[in-house]
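**Student:** Have a look at the structure that comes next, please.
The values are calculated or read from the model by the stated rules, or taken from the named source; none is laboratory data. Only a predicted model underlies this, so the values are computations on that prediction, with no experimental measurement involved. Reconstructed Cβ throughout: ideal geometry from the backbone, glycine too, with neighbour counts over all protein chains shown. Keep in mind that these areas ignore ligands, DNA and RNA; they rest on the heavy atoms of the full protein, side chains included. Shrake-Rupley method; radii C 1.70, N 1.55, O 1.52, S 1.80 Å.
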Amino acid sequence: DRQTLVAVLQFLRRSNLRESEEILRREARLLGDDLGGSVATVATSSPGVAAIAAVPPGKGEARGDCGVGPSSRREPREVGSPCAARSLGASSPSSKITNSGDVIGGAVVVEDQPDVSAVLSAYNQQGDPTLYEEYYSGLKHFIECSLDCHRAELSQLFYPLFVHMYLELVYNQHESEAKSFFERFHGDQECYYQDDLRVLSSLTKKEHMKGNETMLDFRTSKFVLRISRDSYQLLKRHLQEKQNNQIWNIVQEHLYIDIFDGMPRSKQQIDAMVGSLAGEAKREANKAKVFFGLLKEPEFDVPLDDEDEEGENEEGKPKKKKPKKDNVGSKSKKQDPNAPPQNRIPLPELKDSDKLDKVMNMKEAARRVRLGPECLPSICFYTFLNAYQGLTAVDITDDSSMIVGGFADSTVRVWSVTPKKLRSVKTAADLSLIDKESDDVLERIMDEKTASELKILYGHSGPVYGTSFSPDRNYLLSCSEDGTVRLWSLQTFTCLVGYKGHNYPVWDTQFSPYGYYFVSGGHDRVARLWATDHYQPLRIFAGHLADVTSTRFHPNSNYIATGSADRTIRLWDVLNGNCVRIFTGHKGPIHSLAFSPNGRFLATGATDGRVLLWDIGHGLMVGELKGHTDTIYALRFSRDGEILASGSMDNTVRLWDAVKAFEDLETDDFTTATGHINLPENSQDLLLGTYMTKSTPVVHLHFTRRNLLLAAGAYSSQ
């Protein structure tokens, strides 16, 4: 608490332990001499507290050196550095330092934006610039000559060390040394870091580093490496024997080494998990409990006794389906043991129209085709022709009656894909003449004169990157490059609200499967949770290091998955805004996400052309589907979860056997603890079919309630 903290600081000042005082102050975000007069009384009145609490800051006795000598026998889990005094910005993102801050009641509120000069000053240490190449090649030689079992793990150090050493040279204005260092070693880095290296190669002067976001990310978030204890000991011994302080300092200050006990991982196991901007996820990040089960359905009488449906879900998301369809009426009403409590987050009440729709849904479900390797779905492709305005987003209603396209000319176009035309509600004057008691009042309020197959919605001032129908089909969301998310009425085909929260382009938006809530993600690196009747966001999910490119609600609406250009996927808890899962493994920005209907698994697709499968409960990667040759923009599970469909820029739709992909998973405690994942190399066995279009990239996929697969994209004439 604050009082104890202040007492400790006072004690350190009296004992002339200035350096420790500085470190503690920085860690606690107390800047400047703002300890105030009231503090002195606290310190004197509780000398006991001060004396006891003063022990931790002094525990690194070797304050001057960086603990390379034999004096540092500590084996910290995080390689912490007593030398942090030198590195202002080396702390984790949670404690970014700024020079500005308002004093409120004696405490300084530190803004959460890293102050650029503070972040960069960590590079002030002057090693001999001419020796950097020697240091790096020495380490490289050592790692390449080590035993095979350690080599793969230690090779992970190459990339973060290369970046930090290069930036250190640039910052200290050794430009020619930096250039030759880059040219000599950039070819050794893994192929999946090519894009980052391209950005890095353009940073050749100290001034360039100031405004570069990639740079700041790399500096403020410690790069995470997961290494077995044996490999770590080997590395530490080598660096201490060689007295290689320069590299050891970087390891201490800029890397987070997550040490595990057990066998070192193989090259294959490491390659599957690395590749994101900040290395792998710490194992701690995926330990929280996640309620991935489905909510119990409300009970109401239906002609067909089959209440096993999940909330109206938009976009025909593969939710709300039972894994097995054999005993249609005899579904037990027991609560799923993994489900969140029914009232964990407030969900909207079911309206009468929702109940009617559920009944329809159940009747359709009774006629649903059971898919499998022997029974693949038919695919109906909606091609947008002459879409010179550039098709940028598509969505289809859950009952497959309407399709919407978002375009680069800032329009949103809604089509009816059934014979029933789209009609607006009559004007207020005409509505007052209607007999409100008549049985067909819902028909009478619609204006026949407005009937048409297509409605165009104007309002955005930039390309529309995301669209989403509400589960009840009364509303439509669209998000755009103009930084807004708009809510449109499908009764009047007008804009009801413009939600302004993002200051930059918004890349994706999606309604909750229960309606009312929706999520948006954009270039400002955060996702926001909104409710239709609030003009401010309810939650802001911050943590990604680059644009949030895609967003998805979990079928039970308690969680949101976000995919980002930092090449990670995060799962957020809607209730408290916490990040409960971080998945790393993709080698490019994430562009598609899909939850399995039972809520247990997540499929993700990216620009690397791979579909990765994740077990949400255990927080593990459980499969990799290879086959696509370009970005995957669409993923969807069939209604019962037997088939996963993926659509890509390579003009194909591929169908995968989801049942087989998820059976016999090895999620024992050891795997969970160490992350030794063994991905079966069976993409070809799981691939059930590949369907080419003539020249149409696949932008959207949707399974109808009877398991017909609808696909959509714009014909490109190259």
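**Student:** Looking at the stretch 498-520, is at least one residue polar (S, T, N, Q), part of a strand (DSSP E or B) and free of Cβ contacts under 8 Å to residues at least 40 places away in the same chain?
**Tutor:** No: zero hits.
**Student:** Is there any pair with a first residue in the stretch 591-607 that is touching a residue at least 40 places away in the same chain (Cβ under 8 Å) and within 18 Å of Ser557 (Cα to Cα) and a second that is of a type in the set (D, E, K, R) and buried (at least 24 other Cβ atoms within 10 Å of the Cβ) whose Cβ atoms are under 6 Å apart and which are 6 or more apart or on different chains, and what are they?
**Tutor:** Pairs that qualify, where the first residue is touching a residue at least 40 places away in the same chain (Cβ under 8 Å) and within 18 Å of Ser557 (Cα to Cα) and the partner is of a type in the set (D, E, K, R) and buried (at least 24 other Cβ atoms within 10 Å of the Cβ), are Leu593/Arg552; Ala594/Arg636; Pro597/Lys319; Pro597/Lys321.
**Student:** Another one. Of the numbered conditions (1) in contact with an Asp or Glu (Cβ under 7 Å, 6 or more places away or on another chain); (2) open to solvent by less than 10 Å² (accessible area, probe 1.4 Å); (3) part of a loop (DSSP other than H, G, I, E, B), Thr551 satisfies every one except a single condition; which is it?
**Tutor:** Of everything listed in (1) in contact with an Asp or Glu (Cβ under 7 Å, 6 or more places away or on another chain); (2) open to solvent by less than 10 Å² (accessible area, probe 1.4 Å); (3) part of a loop (DSSP other than H, G, I, E, B), Thr551 misses just condition (3).
**Student:** How many residues does the stretch 401-442 contain that are closer than 19 Å to Leu391 by Cβ and β-branched (Val, Ile, Thr)?
**Tutor:** 6
**Student:** Given the structure, is Arg581 open to solvent by 20 Å² or more (accessible area, probe 1.4 Å), under 10 Å from the mean Cα position of the chain (by Cα) and either closer than 19 Å to Arg344 by Cα or not small (Gly, Ala, Ser) (or both)? Lay out the reasoning, then the answer.
**Tutor:** Working: open to solvent by 20 Å² or more (accessible area, probe 1.4 Å): no; under 10 Å from the mean Cα position of the chain (by Cα): yes; either closer than 19 Å to Arg344 by Cα or not small (Gly, Ala, Ser) (or both): yes.
For Arg581, the condition - open to solvent by 20 Å² or more (accessible area, probe 1.4 Å), under 10 Å from the mean Cα position of the chain (by Cα) and either closer than 19 Å to Arg344 by Cα or not small (Gly, Ala, Ser) (or both) - is not met.
**Student:** Assuming Gly563 fulfils every condition listed in (1) over 28 Å from Val497 (Cα atoms); (2) under 14 Å from the mean Cα position of the chain (by Cα) apart from one, which condition is it?
**Tutor:** Answer for Gly563: the failing condition is (1).
**Student:** Turning to a different aspect of this structure: Any residue at all in the stretch 414-435 that is farther than 20 Å from Asp357 by Cα and in contact with a strand residue (DSSP E or B) (Cβ under 6 Å, 6 or more places away or on another chain)?
**Tutor:** Scanning the stretch 414-435 turns up at least one residue that is farther than 20 Å from Asp357 by Cα and in contact with a strand residue (DSSP E or B) (Cβ under 6 Å, 6 or more places away or on another chain).
A quick yes/no check of all residues on (1) touching a Ser or Thr at 6+ places or on another chain (Cβ under 8 Å); (2) among the aromatic types (Phe, Trp, Tyr):
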| residue | (1), (2) |
| --- | --- |
| Ser432 | no, no |
| Arg444 | yes, no |
| Leu477 | yes, no |
| Ser489 | no, no |
| Tyr504 | no, yes |
| Trp507 | yes, yes |
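**Student:** Residues that are modelled with pLDDT of 80 or more, at least 2 per element: which helices (runs of 4 or more DSSP H) completely within the stretch 1-58 meet that?
**Tutor:** Where helices (runs of 4 or more DSSP H) fall fully within the stretch 1-58 and carry at least 2 residues being modelled with pLDDT of 80 or more, they are 2-14, 18-27.
**Student:** Turning to a different aspect of this structure: Return a yes/no flag: does the stretch 259-271 have any residue that is acidic (Asp, Glu) and surrounded by 21 or more Cβ atoms within 10 Å (Cβ to Cβ). If you could, list the steps in order and put the result at the bottom.
**Tutor:** First, the residues of the stretch 259-271 that are acidic (Asp, Glu): 261, 271.
If we keep only those that are surrounded by 21 or more Cβ atoms within 10 Å (Cβ to Cβ) too, we end up with none.
No, because not a single residue in the stretch 259-271 is acidic (Asp, Glu) and surrounded by 21 or more Cβ atoms within 10 Å (Cβ to Cβ).
**Student:** Of the residues Arg610, Arg567, Arg639, which is out of contact with any helix residue (DSSP H, G or I) (no Cβ under 6 Å at 6 or more places or on another chain), surrounded by fewer than 23 Cβ atoms within 10 Å (Cβ to Cβ) and of a type in the set (Lys, Arg)?
**Tutor:** Arg610
**Student:** Do you know which of the residues in the stretch 665-704 that are modelled with pLDDT of 80 or more, of a type outside the set (S, T, N, Q) and assigned to a loop (DSSP other than H, G, I, E, B) is most open to solvent (accessible area, probe 1.4 Å)?
**Tutor:** Among those residues, the one meeting the criterion is Lys694.
**Student:** In the stretch 583-621, which residues are of a type in the set (Ser, Thr, Tyr) and assigned to a strand (DSSP E or B)?
**Tutor:** We begin by selecting, within the stretch 583-621, every residue of a type in the set (Ser, Thr, Tyr); these are 584, 592, 596, 604, 607.
Selection gives Thr584, Ser592, Thr604.
**Student:** Among the numbered conditions (1) part of a strand (DSSP E or B); (2) under 30 Å from Arg705 (Cβ atoms), tell me where Glu624 comes up short.
**Tutor:** All conditions pass for Glu624, except number (2).
**Student:** Same structure, new question: Would you mind stating whether Glu144 is at pLDDT below 85 and either open to solvent by 20 Å² or more (accessible area, probe 1.4 Å) or out of contact with any strand residue (DSSP E or B) (no Cβ under 6 Å at 6 or more places or on another chain) (or both)?
**Tutor:** Answer is no for this residue.
**Student:** If Tyr388 satisfies all but one of (1) at pLDDT 90 or above; (2) part of a loop (DSSP other than H, G, I, E, B); (3) among the hydroxyl-bearing types (Ser, Thr, Tyr), what's the number of the condition it fails?
**Tutor:** Condition (1) is where Tyr388 drops out.
**Student:** Inside the stretch 338-365, can you point out the residues that are open to solvent by 50 Å² or more (accessible area, probe 1.4 Å) and over 26 Å from the mean Cα position of the chain (by Cα)?
**Tutor:** Pro348, Glu349, Leu350, Lys351, Asp352, Ser353, Lys355, Leu356, Met360, Lys363
**Student:** Looking at Phe493, Phe518, which one is within 28 Å of Arg705 (Cβ to Cβ) and at pLDDT 95 or above?
**Tutor:** Criteria check complete, one pass: Phe518.
**Student:** Also, quick follow-up: Sort out for me the helices (runs of 4 or more DSSP H) sitting completely within the stretch 149-242 that have 1 or more residues that are polar (S, T, N, Q), within 22 Å of Pro589 (Cα to Cα) and open to solvent by 10 Å² or more (accessible area, probe 1.4 Å).
**Tutor:** Answer list for the stretch 149-242: 194-201, 213-220.
**Student:** Residue check: is Leu620 out of contact with any Asp or Glu (no Cβ under 7 Å at 6 or more places or on another chain), within 22 Å of Asn678 (Cα to Cα) and open to solvent by less than 10 Å² (accessible area, probe 1.4 Å)?
**Tutor:** Answer is no for this residue.
**Student:** Further question on the same structure: Considering only the stretch 472-488, state which residues are under 16 Å from Asp395 (Cα atoms) and open to solvent by less than 10 Å² (accessible area, probe 1.4 Å).
**Tutor:** Leu476, Leu477, Ser478, Cys479, Ser480, Val485, Leu487, Trp488
**Student:** Quick one: in the stretch 443-460, of everything that is under 30 Å from Phe384 (Cα atoms) and basic (Lys, Arg), which residue is most open to solvent (accessible area, probe 1.4 Å)?
**Tutor:** Going through the qualifying residues, I end up with Lys449.
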